[in-house]
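Q: For reference, the structure I am asking about is given below.
The values are calculated or read from the model by the stated rules, or taken from the named source; none is laboratory data. Source: prediction; values computed, not measured. As a convention, Cβ positions derive from the backbone with ideal geometry for all residues, glycine included, and neighbour counts pool all protein chains shown. Accessible surface is based on the protein model in full, side chains and every heavy atom, while ligands, DNA and RNA are left aside. Shrake-Rupley method; radii C 1.70, N 1.55, O 1.52, S 1.80 Å.
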Amino acid sequence: PFALRVAERRATPSRASALQAGGSLASALSLCRSALAGLREITTTADRGPSAQTERALREAAATLQQLLNGATEASDAQQLRAAAIACIHLTDAISATLRIAEKAPEHGLLPTGDGERALERVHAIVDDALGMLIDSLSAQVAPSLMRAQATEIELNALETETRHKLFDRAVSPEDLRTRMWSSELCAAYEAVGNQLYRITSALSARDDEL
């Protein structure tokens, strides 16, 4: 794991519009974090119970982000806010896709074991931690650390590759193979969620000419 301790950067004028709306963005991302917790519960219990609440959190997050987009002006200082809000909407889509995969647990009686269980626990912790740090930065109206986000993305990519190798490096029974395939699919979906978190950070850290 990476242990980067990078000081958060204070907002420059070009970032002011997006970071002043940090409270609304943080609220939407907090709902996304709740949704992640719900799908994690589904994964570990094979219980569909949290699905409705998880979907509701994602709908509320999307509605909050759409309001931000609707309120954004065409002025150049709103470009960053629009880019960040759109990236957050893509995050809700990625989490929704991950939820669909997680719901295969109760549908097919799947529970992660061994390497798959350890990988899913680790990948969830990485994504949840990255999301928490992003929420904290937005709540404080400071730009999140792009270097930290890059380190997280690299770590997720490496973990997903490592997990695939561990899960499929030997022959297993058909039933075990089905569980391993699902675990691998879920890890890849978490990686996609992490990629969207990086894009949100990039949008909040970008200069006007990079948007």
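Q: Hey, does the range 134-156 have a residue that's among the acidic types (Asp, Glu), open to solvent by 60 Å² or more (accessible area, probe 1.4 Å), within 21 Å of Asp47 (Cβ to Cβ) and out of contact with any Cys (no Cβ under 7 Å at 6 or more places or on another chain)? So that I can check it myself, show each step before the final result.
A: The initial filter retains those residues of the range 134-156 that are among the acidic types (Asp, Glu), namely 136, 153, 155.
From what is left, the residues that are open to solvent by 60 Å² or more (accessible area, probe 1.4 Å) are 136.
Keeping just the survivors that are within 21 Å of Asp47 (Cβ to Cβ) gives none.
Within the range 134-156, none of the residues are among the acidic types (Asp, Glu), open to solvent by 60 Å² or more (accessible area, probe 1.4 Å), within 21 Å of Asp47 (Cβ to Cβ) and out of contact with any Cys (no Cβ under 7 Å at 6 or more places or on another chain).
Q: A follow-up question, please. Within the range 192-206, is there a residue that is out of contact with any Cys (no Cβ under 6 Å at 6 or more places or on another chain), closer than 24 Å to Gly114 by Cα and of a type outside the set (Gly, Ala, Ser)?
A: Checked against the condition, which is being out of contact with any Cys (no Cβ under 6 Å at 6 or more places or on another chain), closer than 24 Å to Gly114 by Cα and of a type outside the set (Gly, Ala, Ser), the range 192-206 yields at least one hit.
Q: Evaluate the range 177-198: report whether one residue or more is open to solvent by less than 30 Å² (accessible area, probe 1.4 Å) and free of Cβ contacts under 8 Å to residues at least 60 places away in the same chain.
A: No, the range 177-198 contains no residue that is open to solvent by less than 30 Å² (accessible area, probe 1.4 Å) and free of Cβ contacts under 8 Å to residues at least 60 places away in the same chain.
Q: Let me ask you something else. Being among the basic types (Lys, Arg), under 14 Å from Arg118 (Cα atoms) and open to solvent by 20 Å² or more (accessible area, probe 1.4 Å) is the requirement here; does Arg164 meet it?
A: Details: among the basic types (Lys, Arg): yes; under 14 Å from Arg118 (Cα atoms): yes; open to solvent by 20 Å² or more (accessible area, probe 1.4 Å): yes.
So Arg164 fits the description; yes.
Q: One residue is enough: does the range 153-173 have a residue meeting the conditions aliphatic (A, V, I, L, M), within 28 Å of Ala62 (Cβ to Cβ) and touching a strand residue (DSSP E or B) at 6+ places or on another chain (Cβ under 7 Å)?
A: no
Q: Just checking, which of Ala102, Ala125 is modelled with pLDDT of 95 or more and either among the hydroxyl-bearing types (Ser, Thr, Tyr) or surrounded by fewer than 21 Cβ atoms within 10 Å (Cβ to Cβ) (or both)? Even if it seems obvious, please write down each step before you answer.
A: Working: Ala102 fails: either among the hydroxyl-bearing types (Ser, Thr, Tyr) or surrounded by fewer than 21 Cβ atoms within 10 Å (Cβ to Cβ) (or both).
The conditions single out Ala125.
Q: Okay, moving on. Kindly provide the set of residues from the range 18-66 that are open to solvent by 40 Å² or more (accessible area, probe 1.4 Å) and touching a Leu at 6+ places or on another chain (Cβ under 6 Å), ordered by number.
A: Correct list: Ser24, Arg33, Glu60.
Q: Here is a check on your reading of the model: is Glu117 at negative phi, charged (D, E, K, R), touching a helix residue (DSSP H, G or I) at 6+ places or on another chain (Cβ under 7 Å) and touching a residue at least 60 places away in the same chain (Cβ under 8 Å)? Before you say what the answer is, go through the steps one by one.
A: Numbers: at negative phi: yes; charged (D, E, K, R): yes; touching a helix residue (DSSP H, G or I) at 6+ places or on another chain (Cβ under 7 Å): no; touching a residue at least 60 places away in the same chain (Cβ under 8 Å): yes.
For Glu117, the condition - at negative phi, charged (D, E, K, R), touching a helix residue (DSSP H, G or I) at 6+ places or on another chain (Cβ under 7 Å) and touching a residue at least 60 places away in the same chain (Cβ under 8 Å) - is not met.
Q: Taking the residues in the range 46-67 that are in a helix (DSSP H, G or I) and free of Cβ contacts under 8 Å to residues at least 12 places away in the same chain as candidates, determine which candidate is farthest from Pro112 (Cα to Cα).
A: From the range 46-67, those in a helix (DSSP H, G or I) are 51-67; that's our starting set.
Subset that is free of Cβ contacts under 8 Å to residues at least 12 places away in the same chain: 52, 56, 59, 63.
Values: Ala52: 22, Arg56: 26, Arg59: 28, Ala63: 33 Å.
Step by step, filter the range 46-67, then rank; the result is Ala63.
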